[in-house]
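Undergrad: Here it is: the structure, laid out below.
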RNA sequence: GGAGGGGUGGCCGAGCGGUCAAUGGCAGCAGACUGUAAAUCUGCCGACUUCGCGUCUACGAAGGUUCGAAUCCUUCCCCCUCCA
């Protein structure tokens, strides 16, 4: 295994760990901000690091379309290109197989996408997805899969999952194993315990540096999601990191950590930062709402981010109303800070 | 003084005899957002309301024509442009 993972402690099913990569370590449980297009939107890389984030996501599909994987490689890889010297994990494009359903054709060999930007065609196969991730020089490569949408019939979920398992195997063969880099497999099977079990078995037989649980938080609800984790987690190898893809709200993350998840990513803090949504210790706030107009308080008294240290809700509300770019910057920073504070708290508690 | 253009819901701006409480956009009030086609999207947005294709009041003002007027006619008020 070329990606190290130390289990530093456990608390029930919850785990405290450390992932070692060629670009540094990641303390787990970890939240990974999304830098889909080679940037954590509205944030300087240095600022992302200041929130406590140690690893960010990139995206195979989006970087393939622009600027192109080969171009990033020619610039010295994604770390150098985006000036993020720390670990990077890239999604394989598997989420886009779901989210861009109307712009793609799926066949047993792979997926042909029509670019949402210019209509051009782009082919993604398990092998090409891995190749792109090599070109990006990502530390953690994700298997190319199909993120199964929800709701879904059991036989359709089975078909989708088995396809992802075949692709996982092909990806594993295409992956260049090297020190400080790893490949994760992705468990699918929607909300069906038997399918999740079958998926775990298939992936374990192939052998990965880490295991992700995919196809969740797509509409099934928190209870169903936790239900899937309850049956899936115990089957996964304990000595490898576990990543719950695309999750989630703070409460989702806490519940998933309790069930043994080590890694998370989600658009909510960053997208929310651009859509006036602030996450706080006392719930979510929509700072566009009129009730914040004259509120002199910070978003969160206990937060150390620049938005909370230096600015009032009234000011942030004004920036949002005025569509000032600073609104997105400040709110994103706050949300990422809050998410990292949660993770720090969880790590301290385990 | 003369000639022309125009006054529409908080603002801009369509409509130019009925299907108009009146297209759009903005502003406003909320909601959504979970491996990012997202600084995006959705709903509401005259008053009342049992929330209903219900009632009322509305397109500068007042009259008039018409079964029916924001839309046509008359007078008045106001604004803009050009000429003197």
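Undergrad: Which one is nearest to RNA strand B (Cβ to nearest atom) among residues in the stretch A:290-301 that are more than 16 Å from residue A:324 (Cα to Cα) and either touching a residue at least 24 places away in the same chain (Cβ under 8 Å) or in contact with a strand residue (DSSP E or B) (Cβ under 6 Å, 6 or more places away or on another chain) (or both)?
TA: Among those that are more than 16 Å from residue A:324 (Cα to Cα) and either touching a residue at least 24 places away in the same chain (Cβ under 8 Å) or in contact with a strand residue (DSSP E or B) (Cβ under 6 Å, 6 or more places away or on another chain) (or both), it is A:292.
Undergrad: Does residue A:118 fit the bill of being out of contact with any strand residue (DSSP E or B) (no Cβ under 7 Å at 6 or more places or on another chain), within 14 Å of RNA strand B (Cβ to nearest atom) and free of Cβ contacts under 8 Å to residues at least 40 places away in the same chain?
TA: Yes.
Undergrad: Given the condition assigned to a helix (DSSP H, G or I), free of Cβ contacts under 8 Å to residues at least 40 places away in the same chain, more than 11 Å from RNA strand B (Cβ to nearest atom) and under 20 Å from the mean Cα position of the chain (by Cα), answer yes or no: does some residue in the stretch A:73-87 qualify?
TA: No - not one qualifying residue is present in the stretch A:73-87.
Undergrad: Among the residues of the stretch A:44-60, is there at least one that is surrounded by 18 or more Cβ atoms within 10 Å (Cβ to Cβ), free of Cβ contacts under 8 Å to residues at least 60 places away in the same chain and away from RNA strand B (no atom under 12 Å from the Cβ)?
TA: Taking every residue of the stretch A:44-60 in turn, at least one turns out to be surrounded by 18 or more Cβ atoms within 10 Å (Cβ to Cβ), free of Cβ contacts under 8 Å to residues at least 60 places away in the same chain and away from RNA strand B (no atom under 12 Å from the Cβ).
Undergrad: Give the residues of the stretch A:3-57 that are assigned to a loop (DSSP other than H, G, I, E, B) and within 14 Å of residue A:89 (Cβ to Cβ), sorted by residue number.
TA: Once the filter is applied, which keeps residues that are assigned to a loop (DSSP other than H, G, I, E, B) and within 14 Å of residue A:89 (Cβ to Cβ), the stretch A:3-57 yields A:3, A:22, A:23, A:33, A:35, A:36, A:38, A:40, A:53, A:54, A:55.
Undergrad: Which residue, of A:218, A:200, A:257, is surrounded by 15 or more Cβ atoms within 10 Å (Cβ to Cβ), at pLDDT 95 or above, under 25 Å from residue A:153 (Cα atoms) and in contact with a strand residue (DSSP E or B) (Cβ under 8 Å, 6 or more places away or on another chain)?
TA: After ruling out the rest, the residue left standing is A:200.
Undergrad: Please work out which residue is surrounded by the fewest Cβ atoms within 10 Å (Cβ to Cβ), limiting yourself to the stretch A:146-168 and to residues that are within 14 Å of RNA strand B (Cβ to nearest atom) and assigned to a helix (DSSP H, G or I).
TA: A:163
The values are calculated or read from the model by the stated rules, or taken from the named source; none is laboratory data. Bear in mind that the values here come from a model prediction, so they are computed numbers and not experimental data. When we count neighbours, we look across all protein chains shown, and the Cβ atoms used for this are built from the backbone with ideal geometry, even at glycine.
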